[in-house]
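Visitor: Okay, handing you the structure first.
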Amino acid sequence: MNKSKHAYTVIKDRILDGTYAPGQRIILDQIAKEVGSSHIPVREAIRHLEADRLIEYRQNAGALVLSIDEKVYKQTLEMLAVLEGYATMLSLDYMNEEDIQQLTDINNEMKNALEEYDLKTFSELNKKFHFAIYSHCPNKLLYSNIKQSWEKLDTVRSAGFAYFPMRAPDSVKEHNQLIDLLRNPPTKDAVESFARQHKFNTLTAYENRK
């Protein structure tokens with residue numbers, strides 16, 4: 001890994017796990033010392049993080065961790081609804097019974113986590129469930145865009161921005177329905193439509209959380 005990529009990974013990981021909070025300034029000297037480089041690779045990493053909309057560079061303030069507001073969160077969910085619906089449909093031809101059984105097993109683990117009110121594990125399993133589908137998507141650019149968008153939402157969730165456990169039971173039920181559709185799809189359009197609506201239901205739950 002070159003020094004610019006190393007700096008990018010260090011900073012990005014800290015943003016996503018909440019070590020660097022929204023609005024926090026990134027100290028270039030500190031990062032450069034950690035990765036054993038000059039400022040140039042770190043500045044290059046900062047430019048990439050700006051393109052990812054994780055950092056904003058402000059004059060007289062430097063590189064600041066970008067906070068994601070409610071509007072961006074909702075727009076990201078809307079975009080993911082379309083992308084994930086299409087990715088699920090594309091994955092259909094590349095999944096076998098063993099792959100579908102894996103989804104059933106993960107969803108059962110989600111149900112157990114919910115019964116124990118272990119929402120952190122539930123959230124991790126939810127992500128595992130969906131990417132067990134998208135990993136079969138032949139369009140790798142589409143997969144990459146979905147992954148990046150999830151990472152941005154992970155940043156929001158880690159800050160407690162979008163925490164609505166009332167959605168969890170319905171999510172498990174909808175996963176069961178999606179599994180049935182993947183196993184016996186009436187049409188590919190039906191699979192895409194259901195997967196898209198599944199994400200829109202998350203947006204509705206967010207808007208009704210109060």
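The values are calculated or read from the model by the stated rules, or taken from the named source; none is laboratory data. Computed from a predicted model, the values in this text were never measured in an experiment. In this analysis, Cβ positions are derived from the backbone assuming ideal geometry, glycine residues included, and neighbour counts consider all displayed protein chains. Heavy atoms of the whole protein, side chains included, go into the accessibility calculation; ligands, DNA and RNA do not. Shrake-Rupley method; radii C 1.70, N 1.55, O 1.52, S 1.80 Å.
Visitor: As an exercise: evaluate H39 against (1) under 25 Å from N201 (Cβ atoms); (2) in contact with a Leu (Cβ under 7 Å, 6 or more places away or on another chain) and give the number of the one condition it does not meet.
Guide: All conditions pass for H39, except number (1).
Visitor: Quick one: is L90 in contact with a Pro (Cβ under 8 Å, 6 or more places away or on another chain), part of a helix (DSSP H, G or I) and open to solvent by 30 Å² or more (accessible area, probe 1.4 Å)?
Guide: Yes, satisfied.
Visitor: Hey, among the residues in the range 1-23 that are over 22 Å from the mean Cα position of the chain (by Cα) and in contact (Cβ under 8 Å) with a residue 24 or more places away in the chain, which one's farthest from L66 (Cα to Cα)?
Guide: N2
Visitor: Between residues in the range 39-67 that are free of Cβ contacts under 8 Å to residues at least 24 places away in the same chain and residues that are of a type outside the set (A, V, I, L, M) and assigned to a loop (DSSP other than H, G, I, E, B), which pairs lie under 6 Å by C-beta distance while being six or more apart or on different chains?
Guide: none
Visitor: Now, a different point. Based on this model, can you work out whether D52 counts as in contact with a helix residue (DSSP H, G or I) (Cβ under 9 Å, 6 or more places away or on another chain), more than 14 Å from N2 (Cβ to Cβ) and open to solvent by 70 Å² or more (accessible area, probe 1.4 Å)? It would help to see each step written out before you state the result.
Guide: Working: in contact with a helix residue (DSSP H, G or I) (Cβ under 9 Å, 6 or more places away or on another chain): yes; more than 14 Å from N2 (Cβ to Cβ): yes; open to solvent by 70 Å² or more (accessible area, probe 1.4 Å): no.
No, not satisfied.
Visitor: Let me ask something else. Report every pair of residues separated by at least 6 positions or lying on different chains whose Cβ atoms are under 6 Å apart, first residue within the range 94-114 and within 17 Å of K127 (Cβ to Cβ) and basic (K, R), second outside any helix (DSSP H, G or I) and open to solvent by 80 Å² or more (accessible area, probe 1.4 Å).
Guide: Note: no pairs meet the criteria.
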